[in-house]
Amino acid sequence: MDASPDRALTEIEERGVRFVRLWFTDVLGFLKSFAIPSEELETAFRDGVGFDGSAIEGFARVEEADMLARPDPSTLRVLEGGDAEPVARMLCDITYPDGAPFDGDPRWVLRRNLERAAAAGYSLLAEPEVEFFLSASAERYEPLDRGGYFDLTPGEDGFRRGIIPALDRLGIAVQTLHHEDAPSQHEIDLPPADALAVADDLISLRLVVKEVAQGLGIHASFMPKPAVGIQGSGMHTHFRLLEGERNAFFDATADAGLSKIGRSFVAGLLEHAVAITAITNQWVNSYKRLVPGYEAPVHVGWSRRSRSALVRVPADRPDDERACRVEYRAADPACNPYLAFAVVLAAGLDGVTRQLEPPAEVLENLHRLSPEEVRAAGIRLLPDNLHDAVAEMERSELVAEALGEHLFEWFVRNKREEWELHRSYVTPLEVERSFPLL
């Protein structure tokens, strides 16, 4: 497919598009948008569109505020048609006025890490499973059903009928869509594709899911754990490392078909898992999901069959090169996918570069082990709160290099502020349990 500016301009003219929405994200992954008339798009391709970077979370100080948004023609999608006036959307790369990439742009962070991988001969495919909740209320979790895994519930077809064509208009393919474990919890699985394109799709998917839900008079939330006593929402993501067209994780002669490169990638993920958790699980609420007893991974280990391990090498088709992949199970759907994919890639490639070997495979259900048994087995745990996760991240040279100095320092500072706010907040549970007694 021709992804040049000329082809984009031609399509805009042929489709009768009058306005183009330009999208990008702040450091936390929140979508930002502004529109330009289609007549200005050629200038935007050539010169970029200026904006005040100091007004965007994590971007620039007031004295360094001038930024340019440069639309990426490969992301052009026409959002509306038929009776509605068509509107196009494009994602942008953010640069300094001199054209140099802005080092606080999450999209650039991922692109830079993918370029490092390309220099070593690799490309990365990502395949996420995105969980979320539908609710009758926009203020709190009020489930619409009492369904469980794969249940077909009343009203579900209405959401499905809306979400599939809405995603299709943005060029987002869907592998499966189904009800998840908790009441009113759903999952959308995307097919494997280039990691940058998938991160773009995830940013778009979160918006579309919310818009379709709103159109039905309900609310969608990607909050990792909206209520006590239920499964949280994760974003298990399958990764493949390619050398040219070949799956570098696959070796037909190796145990379970996992190559030496695949084993080293797994080892790198495990070595750096604790340090990257603040990125893959970036909110205070993320750690309400990462607790024992609710299927979310808390133990740093790998397995082919046990879903209690942090990293899984699915063993469904061990002789199929296309099926060979590594699944990272900690991330949640409220993370910034650009940053999450960047640190996962950096961790895995560090293992490949150093030719690390993973520890022994986990064979049992780790959730059933007592804390004493976990310690005796030498199994590390993921951080159980944002404060500790940020402290581990701050000590990691790998994460600092993967994110770049600007974004790394801002992220740490922002998450410390979030933790301090949380630490000083008196929760309703504390009042309910303690006020009458103390």
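The values are calculated or read from the model by the stated rules, or taken from the named source; none is laboratory data. Keep in mind that this is a model prediction, so the values were computed, not measured. Cβ sites come from the backbone with ideal geometry, for glycine too, and all protein chains shown count toward neighbours. Note: accessible area is taken over every heavy atom of the protein model, side chains too, but ligands, DNA and RNA are not part of it. Shrake-Rupley method; radii C 1.70, N 1.55, O 1.52, S 1.80 Å.
Laid out as a table, the results:
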{"item": "Kyte-Doolittle at least 0.0, axis length at least 15 Å by Cα - qualifying DSSP helices, the chain", "result": "195-215, 260-280, 337-354"}
{"item": "Environment charge of Gly232, counting only residues whose C-beta is closer than 15 Å and scoring Lys/Arg +1, Asp/Glu -1", "result": "-3"}
{"item": "Longest site-free stretch - the chain; sites: chymotrypsin sites (Phe, Trp or Tyr not before Pro), DSSP loop, at most 14 other Cβ within 10 Å", "result": "151-424"}
{"item": "Globularity ratio of region 1-40, using Cα Rg and 2.2 N^0.38 Å", "result": "1.40"}
{"item": "Cα convex hull of region 239-337 - mean projected area over all directions, nm²", "result": "6.7 nm²"}
{"item": "1.4 Å probe accessible area per residue over the chain, in Å²", "result": "46 Å²"}
{"item": "Carbon plus sulfur fraction of accessible area for region 62-180, probe 1.4 Å, in percent", "result": "50 percent"}
{"item": "Mean separation of Cα contacts under 8 Å, 6 or more apart, over the residue count of region 127-250: relative contact order %", "result": "37 percent"}
{"item": "Residue (of Tyr149, Phe102, Phe132) at the positive-pole extreme of region 79-158, dipole from beta-carbon charges", "result": "Phe102"}
{"item": "Size-normalised alpha-carbon gyration radius of region 211-269, reference 2.2 N^0.38 Å", "result": "1.86"}
{"item": "Share of carbon and sulfur in the accessible heavy-atom surface of region 317-417 [1.4 Å probe, %]", "result": "47 percent"}
{"item": "Calculated Rg and Dmax of region 191-241 using C-alpha coordinates, Å", "result": "13.7, 41"}
{"item": "Pairwise centroid distance, computed over Cα atoms, of region 190-229 with region 136-161, Å", "result": "15 Å"}
{"item": "Dipole in debye (nearest 20) - region 66-124, about Cα centre, beta carbon charges: Lys, Arg +1; Asp, Glu -1", "result": "340 debye"}
{"item": "Share of Cα-Cα pairs in region 64-144 lying beyond 22 Å, as whole percent", "result": "58 percent"}
{"item": "Extreme residue, positive dipole direction of region 202-273, given options Ala220, Ala252, Leu202 (C-beta unit charges)", "result": "Ala220"}
{"item": "Value of [θ]222 nm, deg cm²/dmol, for the chain, DSSP H segments ≥ 4, -39500 (n - 2.57) each, nearest 500", "result": "-11000 deg cm²/dmol"}
{"item": "Estimated D of region 383-438 in µm² per second, where Rh is the Kirkwood radius over Cα pairs and Stokes-Einstein applies at 37 °C, 0.692 mPa s", "result": "250 µm²/s"}
{"item": "Translational diffusion coefficient (Stokes-Einstein; Kirkwood radius from C-alpha pairs) of region 275-392 at 25 °C, 0.890 mPa s, in µm²/s", "result": "161 µm²/s"}
{"item": "Region 346-395 - Kirkwood radius from inverse mean 1/r over Cα pairs (Å)", "result": "13.5 Å"}
{"item": "Top of Glu295, Glu372, Glu13 by mean-square fluctuation, Gaussian network on the chain, Cα under 10 Å", "result": "Glu372"}
{"item": "Highest-MSF residue in the chain out of Gly378, Gly121, Gly148 [GNM, Cα springs under 10 Å]", "result": "Gly378"}
